[in-house]
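Here, each number is a calculation from the coordinates, and none is a lab measurement. As the structure is a computational prediction, the values presented were derived from the model and not from experiment. Ideal geometry is used to build each Cβ from the backbone, glycine not excepted, and the neighbour counts take in all protein chains shown.
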Amino acid sequence: MSSLKASPRPSRNQNPSSSFSWVSSFFSKNKGKQRHSVRKSRSKWNRNYYRQMLILGFLGFFIILGAGSIWFGYMQTALIYFSQKTIDFSAHMGLRIDEVFVEGRQHSPQDIILAAVQAQRGHPILAYNLEAIKSNLEKIDWIKSATVQRRLPNLLYIQMIERKPIALWHHQKSFFLVDQEGVVITSPGVTQFQHLPVVVGADAPVHAPKILALLEKFPEIRKRLSSLVRIRERRWDLSLENSILVKLPEDSVEDALARLSLLIEQKKISKDETSVVDLRVPKQIILRLSKAAAVRIKIKGKET
């Protein structure tokens, strides 16, 4: 006799299909998220891929173009063309000259500076060669040194150091300025420098800075100085404002100036009595009387 075993009844709180339905819904949600993530990753990968392909395409184009230019001998032309296109593009982006600012100019003619710079408002600021502008500026007599900078987007800045005149060079019936380094400034416009001492002689500009520097140590001589004449490219003759000629030696010039300064301070020489002071012989002073003093002495001698 067979017997039947009753299968256990499920618990009230247990739903046989509930755990399966939760698991299946979990997997269905995960599958949706995974599909979305996969699509997003695939889209990002596609964008990166196409971007890289585009860059590689441009690089390949330029490589082929460069190779073709080399092959046909047009590389320089191609480089100039693309360089010009780049500069033109920069101008469209706002890199254009609107102002040229010059600092340090006192005596340099403005029209000569503008001709050296050759900058025009609205032109691409990247098109200008700064070294070439600097070189052009330093060819101007007045300009000792120049600095040229781009201050983007639209300013060309120029700072210059001008030469400082210390003397007027009288040469071939004309006057030229001489600076502290013995450089001759040939630009016109010396009328405002009439107070400077005049130097004469073919090599006077080269030697003028040294003798004038020595004279700065003797203010009594310096304030009476009118001109300096270079004699046989070896030594100087000084002409004082009271018409006294001073003959300096070739060597030991400072010692000779010290003796002359002492004579002036002690009032041993004057325009009424002295015409020449000869200091060429070391430790000696030779004075030549003025014509008026010589006549006076001669008349006085006759009277006695």
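Projecting the Cα positions of 274, 192, 261 onto the charge dipole of region 165-303 (unit charges on Cβ atoms of Lys, Arg, Asp and Glu, taken about the Cα centre) puts 274 furthest along the positive direction. Each residue of region 113-129 was assigned a 3J(HN,Hα) from its phi angle through the Karplus curve 6.51 cos²θ - 1.76 cosθ + 1.60 (θ = phi - 60°); the sequence is 5, 4, 5, 6, 7, 6, 9, 10, 4, x, 6, x, 6, 6, 7, 8, 8 Hz, with glycine and proline shown as x. Share of pairwise Cα-Cα distances greater than 24 Å in region 165-303 is 35 percent (whole percent).
Across the options 104, 137, 122, the greatest Cα extent toward the positive end of the charge dipole of region 94-162 (unit charges at beta carbon of Lys, Arg, Asp, Glu) belongs to 122. If the segment from residue 241 to residue 135 were pulled out straight at 0.36 nm per residue, it would be longer than the present Cα-Cα gap by 34.0 nm. Spatially, region 194-250 and region 123-148 are offset by 36 Å when compared through their Cα centroids. When the Cα positions of 148, 180, 161 are compared along the charge dipole of region 98-231, 180 comes out farthest toward the positive end, with charges on each C-beta of Lys, Arg, Asp and Glu. Listed by Cβ neighbour count within 10 Å, with the fewest neighbours leading, 217, 283 appear as 283, 217. In order along region 171-176, the phi-based Karplus estimate (6.51 cos²θ - 1.76 cosθ + 1.60, θ = phi - 60°) of 3J(HN,Hα) comes to 9, 6, 6, 10, 10, 10 Hz; Gly and Pro are listed as x.
Mind scanning 210/271; 210/283; 173/217; 139/217 and naming the pairs with a C-alpha gap bigger than 29 Å?
Values: 210/271 27 Å; 210/283 23 Å; 173/217 31 Å; 139/217 34 Å.
Pairs exceeding 29 Å: 173/217; 139/217.
Placing +1 at every Lys and Arg Cβ and -1 at every Asp and Glu Cβ, with all other atoms neutral, what dipole size does region 161-304 have around its Cα centre, in debye to the nearest 20?
It works out to roughly 680 debye.
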